[in-house]
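The values are calculated or read from the model by the stated rules, or taken from the named source; none is laboratory data. Note that the structure is predicted; figures quoted are calculated from it, not measured. Cβ atoms come from the backbone with ideal geometry, glycine included; neighbour counts cover every protein chain shown. Each accessible area value is taken on the protein alone, full model and side chains, heavy atoms only, with ligands, DNA and RNA left out. Shrake-Rupley method; radii C 1.70, N 1.55, O 1.52, S 1.80 Å.
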Amino acid sequence: MNRREFVSGLTAAIAFAGVASTAEAAEGKRVALVIGNGAYGNVPALLNPPNDASDIAAALKRLGFTVSLATNANFDEMRRSLIALGRDAAGADMAAVYFAGHGMEINGENWLIPVDADLKRDTDAANEAINLQSVMQQVSNTTSLGLVILDACRNNPFAAKMNRSIATRAAPVSGLGRIEPVGNVLVAYAARDGTTALDGDARNSPFAAALLRNIEAPGVEVTFMFRNVRDDVMEATRNEQQPFVYGSLSRKAIYLAGRPAAGGEQALPAAVSPAPPRTPTIDPALVGTWEIMVPSGRGQSRWIWQIMGDGTYKFHAEPQRSAHPHEGTITAANGRWTLHAIRGLAGYSDAGVYEIHDALAVITGKLGTGAWKRSAE
């Protein structure tokens, strides 16, 4: 495991515990298509979308979705994947599409950009990109929820080089345009219409990190889950980026990660606060200072992770150059943990499982497993 993997998540990998319990929360058939496009052939590459897509796909699988994952998909791959999803979504309880990559508004329509797109002219979009309206249609025939999540509002280099036709010589618009979904479809933008989203400098974009931190929270109704994501993104970006959700659902409460423990829909007001608690729950067995030796190109580094009883943590390394110090909040209970960096790696989040064996903590997250030893400090 290299230094970046530890800095990203302290120990991190696809969480293997709790899969069965969250999958059991699914009600009926759930299908999803997840696309992460970063390796664009005609504009500079994006680093985060493949990571974002991989992590979101893993979370959706834990929520009981049958997931198709496509990374760096070209036009034909995106088109075929959407057709297949539409067939699977017909009559399903829930259908979801997550797309990370470039997206743009052209002449009043929104388009998701495959990696092989060139888009020299605005009129090329119909033959080189995927119309958002068609994506919404593919998830519209469900019995409960059709969900489209777009981390596709990045500052787009295609718009700057595109030749506009004489009949539609409008100035390029930043981000995606406003939409009005119908029926039981919700569309979530990483940044509201007419604005751009940040790609970030951690493993995940600020929006994907916030979504990963909230999407598996049990007992939270889906619209309130996106409110929590909004608040987390605005906090992480210092109000530079505001996610936005379009669409209107019925009064029926919809849960991605299971209903509240008691009371069903009647428990909704008590179960869905607009923001996550600021004093997280922490397992007393994890409180203390932990250390691990990490091999590097210049020998071994000693990494120290201090976990406080109030649900905050601090991380630093010796020598300091081997890893960036950071701190934030952590929750840990019943063998599962989540982490949200506030300083140093602001906007980064991770989650996984842990086991305590006397003075040893075996912790697994997104990218791997680490054996942390209790320190005398």
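Just how large is the dipole of the range 104-151 about the Cα centre, in debye to the nearest 20, putting +1 at every Lys and Arg Cβ and -1 at every Asp and Glu Cβ?
160
At a probe radius of 1.4 Å, what is the per-residue accessible area of H340, in Å² to the nearest 10?
20
So what J values fall out for the range 101-116 if you push phi through Karplus, 6.51 cos²θ - 1.76 cosθ + 1.60 with θ = phi - 60°, rounded to Hz, Gly and Pro as x?
Computed from phi, the couplings for the range 101-116 are x, 8, x, 7, 9, 10, 6, x, 10, 9, 10, 9, 9, x, 6, 9 Hz.
Where a Cα-Cα gap under 22 Å defines reach, which lysines qualify for K252, not counting those fewer than 8 residues away within the same chain?
List returned: K29.
In bins 10 Å wide, starting from 0, what share of all Cα pairs of the range 25-82 does each bin hold, as a percent?
Histogramming the range 25-82 at 10 Å steps yields 24, 45, 24, 6, 1 percent.
Show the residues, 5+ positions off or on another chain, whose built amide H is closer than 5 Å to the amide H of A39.
It is L46, N72, by chain and number.
Once phi is turned into θ = phi - 60°, what whole-Hz ³J(HN,Hα) does the Karplus curve with 6.51, -1.76 and 1.60 give for every residue of the range 206-211, x standing for Gly and Pro?
With the stated coefficients, the range 206-211 comes to x, 5, 4, 4, 5, 5 Hz.
Just by accessible area at a 1.4 angstrom probe, what is the order of R251, R203, R30 from largest to smallest?
Correct descending sequence by accessible area is R251, R203, R30.
Under the rule of at least 5 residues apart or a separate chain, name every residue whose amide H is placed under 5 Å from the amide H of W290.
Residues meeting the criterion, in which the H sits 1.01 Å from N, are W305, Q306, I307, S375.
Taking H as built 1.01 Å from N, whose amide H comes closer than 5 Å to the amide H of R192, not counting residues under 5 places away?
Placed amide hydrogens put Q242, F244 under 5 Å from R192.
Sequence neighbours fewer than 8 away in the same chain don't count; with that in mind, list the lysines whose C-alpha is under 24 Å from K314.
K366, K373
Leaving ligands, DNA and RNA out of it, work out the accessible area of D193 with a 1.4 Å probe and give it in Å² to the nearest 10.
40
So how do T142, T71 rank on accessible area, 1.4 Å probe, biggest first, that is with the largest at the start? Mind dumping the intermediate values first?
On the way: T142 15, T71 70 Å².
Final ranking, largest accessible area leading: T71, T142.
Which lysines, on any chain, are close to K161 with Cα under 21 Å apart, when same-chain ones fewer than 8 places away are left out?
The reachable lysines, counting only those whose Cα sits under 21 Å from K161, are K120.
May I ask you to evaluate 6.51 cos²θ - 1.76 cosθ + 1.60, the Karplus curve with θ = phi - 60°, for each residue of the range 320-334 and list the ³J(HN,Hα) values in order in whole Hz, giving x for glycine and proline?
4, 5, 6, 7, 7, x, 7, 8, x, 10, 9, 10, 7, 6, 6
Could the peptides 110-120, 60-70, 81-91 be put in order, highest first, of the mean number of other beta-carbon atoms found within 10 Å of their residues?
Answer by packing, highest mean first, reads 110-120, 60-70, 81-91.
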